[in-house]
Amino acid sequence: MRYRPIFITATNTDIGKTYATLKLIEYFGAKGLRVGVLKPIETGVVKSPLDGKVLLDCAKKYNQELKSFTCEDIVPIRYKLPAAPYISKGKESIDFELIKEAYDKISKVSDVVLIEGAGGLMVPIENDFYMYDFIKFFDSKVLLVTHSKLGCINDTLLNLKLLESLHVEYEWCVNMRDKESFTKITLPYYEDRFGRVLTLQDDMDKIINNLR
């Protein structure tokens, strides 16, 4: 690989992880890079992993070496119950070796691998393993996606504090769905605290540059 993998996470579920990952696939693909994707665990899978399929279909447009890959390659661990993996797996143990094998297979045919988490950073997987543990598991950089609704300040700061405590390389950005209200109730604080705000919609170049 030419770049370290990027782990895409969010302040909670349904914030925009898959949307962000798709934007990253398109960005890197447009640069002529072979993009690989991995979603280590997906829950709520009845027949086929929905997120995994969307990611794989998009990545195949830019990486011909993924032509023979299936959803099972992209999402090595799948559970039917739409809950945290710790709950969905029941009494089973997560097969981390299977996840590593899936990553190794993808990395061999990719210049950069995008790894999409499930839920947020504190989602439990095993008693002693949380979603954030995948960051060091893959030795990846991190893109944290936060929302733009009321309450995002608290959600963002909590997640940034956790990432800082982990001593990992990260960038964060806003999935701008509520621009008018965001400008009034959130932007002033972010500008005072951080000096700038990056969004998925307008700042992909800056986001990627800060993750290199």
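The values are calculated or read from the model by the stated rules, or taken from the named source; none is laboratory data. Note that the coordinates shown come from a computational prediction; the quantities given were computed from them, not determined experimentally. With ideal geometry, Cβ positions are generated from the backbone for all residues, glycine too; neighbour counts draw on all protein chains shown.
Would it be correct to say that residue 171 is among the acidic types (Asp, Glu), closer than 19 Å to residue 117 by Cα, modelled with pLDDT of 95 or more and surrounded by fewer than 14 Cβ atoms within 10 Å (Cβ to Cβ)? Answer is no for this residue.
Number of residues in region 75-93 that are of a type outside the set (Phe, Trp, Tyr), surrounded by fewer than 17 Cβ atoms within 10 Å (Cβ to Cβ) and over 30 Å from residue 27 (Cβ atoms): the value is 8. Residues in region 174-201 that are of a type in the set (D, E, K, R), in contact (Cβ under 8 Å) with a residue 24 or more places away in the chain and loosely packed, with under 14 Cβ neighbours inside 10 Å: 179 alone. For region 1-44, filtered to residues that are of a type in the set (Val, Ile, Thr) and out of contact with any helix residue (DSSP H, G or I) (no Cβ under 8 Å at 6 or more places or on another chain), the residue that is surrounded by the fewest Cβ atoms within 10 Å (Cβ to Cβ) is 13. Against the list (1) over 30 Å from residue 128 (Cα atoms); (2) exposed (fewer than 15 other Cβ atoms within 10 Å of the Cβ), the condition residue 72 fails is (1). The set of residues from region 45-59 being small (Gly, Ala, Ser) and either touching a Lys or Arg at 6+ places or on another chain (Cβ under 8 Å) or surrounded by 20 or more Cβ atoms within 10 Å (Cβ to Cβ) (or both) comprises 52, 59. Criterion first (assigned to a helix (DSSP H, G or I) and farther than 18 Å from residue 5 by Cα) does residue 106 satisfy it? In short, no.
One line per residue, one yes/no per condition, for (1) of a type outside the set (S, T, N, Q); (2) touching a residue at least 40 places away in the same chain (Cβ under 8 Å); (3) at negative phi:
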{"site": "60", "(1), (2), (3)": "yes, no, yes"}
{"site": "67", "(1), (2), (3)": "yes, no, yes"}
{"site": "70", "(1), (2), (3)": "no, no, yes"}
{"site": "85", "(1), (2), (3)": "yes, yes, yes"}
{"site": "95", "(1), (2), (3)": "yes, no, yes"}
{"site": "105", "(1), (2), (3)": "yes, no, yes"}
{"site": "116", "(1), (2), (3)": "yes, yes, yes"}
{"site": "120", "(1), (2), (3)": "yes, yes, yes"}
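Figure legend. Inter-residue proximity from region 129-140: first residues of a type in the set (Val, Ile, Thr), second residues part of a loop (DSSP other than H, G, I, E, B), beta-carbon distance below 6 Å, spacing 6+ or different chains. Indicated pairs: 135/168. Here is the figure for region 105-150: residues that are surrounded by fewer than 20 Cβ atoms within 10 Å (Cβ to Cβ), closer than 15 Å to residue 77 by Cβ and of a type in the set (D, E, K, R) total 3.
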